[in-house]
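This report concerns only the one structure given below.
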Amino acid sequence: MNEAASVVWVISLPLLGALLATVWRQYAATIGWVSSALTAGCAVWLLWVVQRAGVQELALGGWEIGLGISLYADGLAAVMVLMSSLVVLGCSVYARHYFRAQRQHELFWPLWLLLATALNALFLAGDLFNVYVTLELLGISASALTALGAKRAALRAALRYLVVGLLGSMLYLMAITLLYAAYGTLNAVQIAEALQVDPLGWAALLLMLAGLALKMALFPLHFWLPPAHSNAPAPVSAALSALVVKAAFYLVVRLWFEVFAPLTTPLLANALGALGAMAVLWGSWSALRAERLKLLAAYSSVAQLGYLVMFFPLLAVLEGEARQWLFGAMVLFALSHAFAKSALFLAAGILLQYAGHDRIRELSGTTQALPLTTFVIALAGIALVGLPPSGAFLGKWYLLDAAFKTGQWWWVLVLVAGSLLATAYVFRLLGHAFGHLPAVKRPVVAATQEIPALALALLATFGLGLGAMSLWSWLAHTGTGAGL
Amino acid sequence: MNLLDGLWGVLDLLLVAVLLLLAMAAVLSSDRRRSMMLFIVFGLVLALVWARLHAPDIALAEAAIGAGLGGALLMATLRRDTHQQTDQFPQHPVVLWGVGVLVMVLGTAIAWGLFSVLPTVEQTWRKGAAVDAQLAFSGVSHPVTAVLLNFRAWDTLLELAVLLAAIFGIRALGYVRSAYVTEVAFSQLAVWLVPLLILMAGYVLWAGAHSPGGAFQAGALLAGAGILLRLAGYSHAGLPTTRWLVRLGLVAGTGVFLLVGLGLLGWGQGFLHYPIAYAKWWILLIEMLATVSIGMTLTLAFMGGIPQKEAA
Amino acid sequence: MVGLSAINPQFLYVCAGIFLFAIGLWGTWLHAHYVRKIISLNVMGAGVFLTLIAVAYRGEHLPPDPVPHALVLTGIVVAVSATALALVIIRRLEDATDE
């Protein structure tokens with residue numbers, strides 16, 4: 001089997017798993033975690049292939065690209081697939097003991113594996129209409145998974161989530177219509193090569209940005225995120241916050257820096273950055289005021305996505321090597337958030353199971369009852385604040401450095417304010433968790449729940465902090481390359 | 001000739017006027033039930049528009065899936081509502097007008113962008129030329145089927161997965177509509193309409209290789225038969241009573257599609273790369289199973305989930 | 001009669017599609033009840049599909065571009081799947097008594 005097959009397998013394995021888990025539902029959990037593990041293995045293989053042999057572009061069906069659909073794997077796509085597969089694997093191991101009833105397993109696994117399929121297919125899509133189909137698969141499976149919370153609040157959040165996702169997809173699809181009308185192709189690289197600075201390009205960019213901003217919950221379109229992310233079952237919350245919004249962000253990056261590169265002026269980048277800055281301030285402030293741990297984590301996601309967008313105005317003015325470093329720092333920040341936030345949601349799930357609630361004020365004694373879970377929360381907190389040695393620390397460091405170098409000092413103010421607020425909400429949480437109670441019963445927590453949470457938290461802090469250098473070399477194989 | 005063109009012009013204007021008025025009324029009406037009815041009629045007029053624009057495949061799909069099934073689904077939400085329901089906009093009129101202006105600005109921007117390129121590319125065929133050139137090697141002679149099942153087969157495979165995600169989501173809600181009012185009229189209708197629908201589905205599926213039609217339209221017709229059976233009082237709507245058989249039927253289309261794709265990869269051909277000589281047969285196999293899956297999925301979507309074992 | 005024949009059908013249907021898109025967007029945004037949001041979303045989708053098919057139209061005597069036709073078929077199926085899920089959630093919400 002040739003090397004390019006790795007691109008196909010990272011998408012096909014979870015899809016195959018979803019189908020098998022539907023038919024042999026009594027083995028759904030086993031099929032689920034085995035296929036997640038195999039997918040993670042293939043994701044490593046894919047990254048290795050891209051490192052060794054360069055960008056992989058696969059013309060599906062053997063047709064010329066444009067007539068047929070292409071799958072496109074460069075360094076960035078491979079890193080995102082690996083991130084997604086690792087988080088999915090962690091959550092899959094966790095979910096085996098999180099869901100107690102057989103019926104919950106039967107419902108969870110097929111949808112969960114379809115979500116994983118959609119994520120990998122989206123990261124590897126080379127065709128803009130194919131991206132639309134993956135976005136719909138992602139939105140529908142994510143919404144259905146949210147509804148598994150089954151409570152009224154969860155159903156309502158799932159419905160709103162679904163409608164918002166569909167609205168975003170429709171805006172995106174209108175942009176595709178414009179691009180196909182003008183350029184007669186749906187392939188991203190071919191459109192990038194042909195793109196003109198004209199009213200059509202502007203309209204398409206506006207529609208795509210609006211649709212994807214809605215999907216990534218960019219301020220002021222974030223209203224749907226906190227209820228959806230805080231009412232879903234723990235492994236689902238973890239994937240929604242860590243991966244699903246990240247998928248929309250990934251598309252924005254691809255479109256902004258590659259497809260629409262001639263149109264994305266520094267002015268536009270600053271406008272986007274300003275929205276990011278407001279997201280950081282508003283999200284962090286709301287997280288500080290949140291009553292419940294899962295709500296805190298959800299608001300913190302709004303803020304963290306804001307940081308990611310704040311990289312754009314700086315990337316718009318930097319050139320050459322400095323720009324490559326900053327781009328890598330942005331990806332590092334995204335990875336760090338993915339691992340830290342999924343760890344935090346998994347830990348919150350353990351807390352909810354054993355304490356019966358996640359009200360922050362009433363968390364005293366958690367350290368005594370659930371020491372490992374508290375440790376996970378602390379590690380995730382380090383990554384969310386951006387303390388060393390986390391990946392987020394390096395990300396913020398490069399952001400700070402670039403802001404000073406380019407004289408755009410106002411981003412520094414936002415960064416400092418956001419970090420202070422993050423410190424406050426993390427320490428408020430830990431303060432309550434470390435509260436001492438005279439007598440605490442220590443529950444027996446399944447190791448398969450605490451270990452994956454710990455592994456993800458360690459990846460966010462030590463893994464990314466110490467292994468950051470290899471990330472930049474992986475990203476060096478980022479291909480279509482309009483300026484990357 | 002001139003007169004004929006003039007007639008088309010009148011027809012176009014009429015169609016568009018009716019379409020837009022129906023859409024506006026469906027969105028703006030304060031009566032929810034009326035809004036649903038208007039939307040269903042809107043779907044039927046839209047099917048006419050598709051036929052007018054030389055898109056018979058879409059006309060067929062719109063009539064069966066959009067207006068037909070979409071309408072049935074909407075009516076299923078309504079059935080128990082005996083009292084009239086009015087929907088008022090909670091917002092201040094200034095907000096309503098403000099958003100109205102905003103969407104019109106967006107619409108104008110889209111129109112401006114599109115019309116700045118359309119006159120120059122009006123007669124170009126875009127990817128149509130490439131489809132035409134490769135059609136002979138696709139295994140089918142109808143270009144839309146060739147795009148769906150061969151050139152852009154990956155989209156279609158994922159689209160089947162979207163259907164699965166929706167039905168899994170519906171099933172997870174654990175809700176089966178308790179009781180339908182069994183109409184005698186329906187059971188009489190079902191006796192002769194169901195076999196006819198199944199025959200039509202078979203024909204539409206077969207015809208898809210060389211003329212408008214294919215798995216989605218055929219599946220929608222099958223779903224029509226299922227819904228009719230359900231309305232006629234058959235609790236399982238003609239679906240197998242063995243539950244694993246239902247699940248197998250749901251995933252069959254996606255499963256065979258994926259396995260054929262992967263099998264070809266293992267064979268050294270490449271993912272979803274049909275050998276030209278056998279393309280026709282692979283496509284037919286995939287379409288047949290996809291039709292069954294689509295029919296079952298859409299029927300179940302109407303019913304609200306897999307039927308529970310009914311207590312005696 | 002002669003005046004009417006001057007109207008380019010492509011122009012007319014593209015305008016109609018964009019109008020449907022706009023009014024659907026307006027309704028999705030502003031309606032409070034989710035059934036109405038879903039209906040509006042479908043109108044909006046119909047607008048996108050109409051624009052796409054109008055772009056593919058090449059006059060009375062030439063065959064249309066089949067690619068947009070395939071895309072719209074995919075889009076219709078995706079839209080009906082999402083609509084079905086949304087409507088069942090709505091039904092379930094109206095039934096749910098737990099709070």
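The values are calculated or read from the model by the stated rules, or taken from the named source; none is laboratory data. Just so it is clear, the structure is predicted and the values come from calculations on it, not from any experiment. With ideal geometry, Cβ positions are generated from the backbone for all residues, glycine too; neighbour counts draw on all protein chains shown.
Here are some notes:
Each row is one residue, and each column tells you yes or no for (1) buried (at least 17 other Cβ atoms within 10 Å of the Cβ); (2) closer than 22 Å to A:SER237 by Cβ; (3) touching a strand residue (DSSP E or B) at 6+ places or on another chain (Cβ under 6 Å).
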| residue | (1), (2), (3) |
| --- | --- |
| A:ALA334 | yes, yes, no |
| A:HIS337 | yes, yes, no |
| A:ASP358 | yes, yes, yes |
| A:THR366 | yes, yes, no |
| A:ALA378 | yes, yes, no |
| A:GLY381 | yes, yes, no |
| A:GLY391 | yes, yes, no |
| A:GLY395 | yes, no, no |
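- A search for C-beta distances below 8 Å between a residue of region A:194-207 that is within 7 Å of chain B (Cβ to nearest Cβ) and any residue that is hydroxyl-bearing (Ser, Thr, Tyr), counting only pairs 6+ apart in sequence or on different chains, returns A:ASP198/B:SER116; A:PRO199/B:SER116; A:LEU200/B:SER116.
- The criterion of being touching a helix residue (DSSP H, G or I) at 6+ places or on another chain (Cβ under 6 Å) and not assigned by TED's automatic domain parsing to the domain that holds A:LEU255 does not hold for A:GLY41.
- Qualifying residues in region A:1-47 (those that are within 28 Å of A:GLY126 (Cα to Cα) and polar (S, T, N, Q)) - the one modelled with the lowest pLDDT: A:ASN2
- Scope region C:30-55; condition touching a His at 6+ places or on another chain (Cβ under 9 Å) and more than 9 Å from chain A (Cβ to nearest Cβ); matching residues: C:ILE39, C:SER40, C:ILE53
- Qualifying residue in region A:60-75 (condition: part of a helix (DSSP H, G or I) and under 19 Å from the mean Cα position of the chain (by Cα)): yes
- Residues that are modelled with pLDDT under 90 number at least 3 in the following helices (runs of 4 or more DSSP H) confined to region A:331-423: A:366-369.
- All helices (runs of 4 or more DSSP H) inside region B:180-268 with 2 or more residues being over 26 Å from A:ALA121 (Cα atoms), out of contact with any helix residue (DSSP H, G or I) (no Cβ under 6 Å at 6 or more places or on another chain) and among the hydrophobic types (A, V, I, L, M, F, W, C): B:184-207, B:243-266
- Residue that is more than 29 Å from C:LEU30 (Cβ to Cβ) and either more than 10 Å from chain C (Cβ to nearest Cβ) or part of a helix (DSSP H, G or I) (or both), where the choices are B:ALA76, B:ALA63, B:ALA23, B:ALA47: B:ALA63
- When C:THR74 is tested against the conditions (1) in contact with a Ser or Thr (Cβ under 6 Å, 6 or more places away or on another chain); (2) within 7 Å of chain B (Cβ to nearest Cβ), the lone failure is (1).
- So A:SER35, is it surrounded by 23 or more Cβ atoms within 10 Å (Cβ to Cβ), within 20 Å of the chain's Cα centre (by Cα), hydroxyl-bearing (Ser, Thr, Tyr) and closer than 21 Å to A:THR448 by Cβ: no
- Of A:LEU186, A:LEU137, A:LEU155, all but one fail to be buried (at least 24 other Cβ atoms within 10 Å of the Cβ) and without any contact (Cβ under 8 Å) to a residue 60 or more places away in the chain; the exception is A:LEU137.
- Of note, A:TRP48 satisfies the criterion of being assigned to a helix (DSSP H, G or I), out of contact with any Leu (no Cβ under 8 Å at 6 or more places or on another chain) and not basic (Lys, Arg).
- For region B:89-145, the set of residues classified as surrounded by fewer than 14 Cβ atoms within 10 Å (Cβ to Cβ) and among the β-branched types (Val, Ile, Thr) consists of B:VAL94, B:VAL95, B:VAL101, B:VAL105, B:THR108, B:THR120, B:THR124, listed by residue number.
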